[in-house]
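Just below is one structure, and these are the notes that go with it.
The values are calculated or read from the model by the stated rules, or taken from the named source; none is laboratory data. If you're wondering where the values come from, they're calculated on a predicted model, not measured in any experiment. When we count neighbours, we look across all protein chains shown, and the Cβ atoms used for this are built from the backbone with ideal geometry, even at glycine.
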Amino acid sequence: HLLSTLVECYTLFERHWLTLINEHTTEAALKATGYSEYFMKSVLQDTIGYCGAELIRRTIGLAHVTDIDSISDEAARLTVQKQTLALGEQLILNAQTCDNKDAFFSLLISQLN
């Protein structure tokens, strides 16, 4: 359910953003052929990297995630923490290879299986 919600949210954002840019922008760069798609790709890649950094920060930094910290079984909690750190690492390392949402979702699915 979470992945389908993520796909739906991103697709909706992308569609609305590109529509707004095409219909309402006065910025010359955004009107240039292909630039809005390039910008969207940059936003996606930055978001993926930031997400990875946040996963790591919220696992080992000062602002932990209560849902993880509240797992009473220490072995299970450690497993989840390791998985979260591994996912964060892969998102950071592979952010720039995700040229589109399908590449991102493939990366995400490969790490969650």
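Remarks
- Helices (runs of 4 or more DSSP H) contained entirely in region 14-90, each with at least 2 residues that are under 19 Å from the mean Cα position of the chain (by Cα) and surrounded by 16 or more Cβ atoms within 10 Å (Cβ to Cβ): 35-60
- Scanning region 51-94 for residues that are among the β-branched types (Val, Ile, Thr) and in contact (Cβ under 8 Å) with a residue 40 or more places away in the chain returns a single hit, Ile92.
- Checking each residue in region 77-109 for being among the polar types (S, T, N, Q) and under 23 Å from Val65 (Cα atoms) picks out Thr79, Gln81, Gln83, Thr84, Gln90.
- Filter pass, Lys101 being among the charged types (D, E, K, R), at pLDDT below 95 and touching a Phe, Trp or Tyr at 6+ places or on another chain (Cβ under 7 Å): yes
- Residue list for region 1-12, restricted to those being surrounded by fewer than 14 Cβ atoms within 10 Å (Cβ to Cβ) and hydrophobic (A, V, I, L, M, F, W, C): Leu2, Leu3, Cys9, Leu12
- Contact annotation: residue pairs with Cβ atoms under 8 Å, 6 or more positions apart or on different chains, pairing a residue in region 14-33 that is in contact (Cβ under 8 Å) with a residue 40 or more places away in the chain with a partner that is surrounded by 12 or more Cβ atoms within 10 Å (Cβ to Cβ) and not aliphatic (A, V, I, L, M), are Glu14/Lys101.
- Restricting region 30-58 to residues that are modelled with pLDDT under 90 and touching a Ser or Thr at 6+ places or on another chain (Cβ under 9 Å) leaves a set whose member that is farthest from Cys98 (Cα to Cα) is Lys31.
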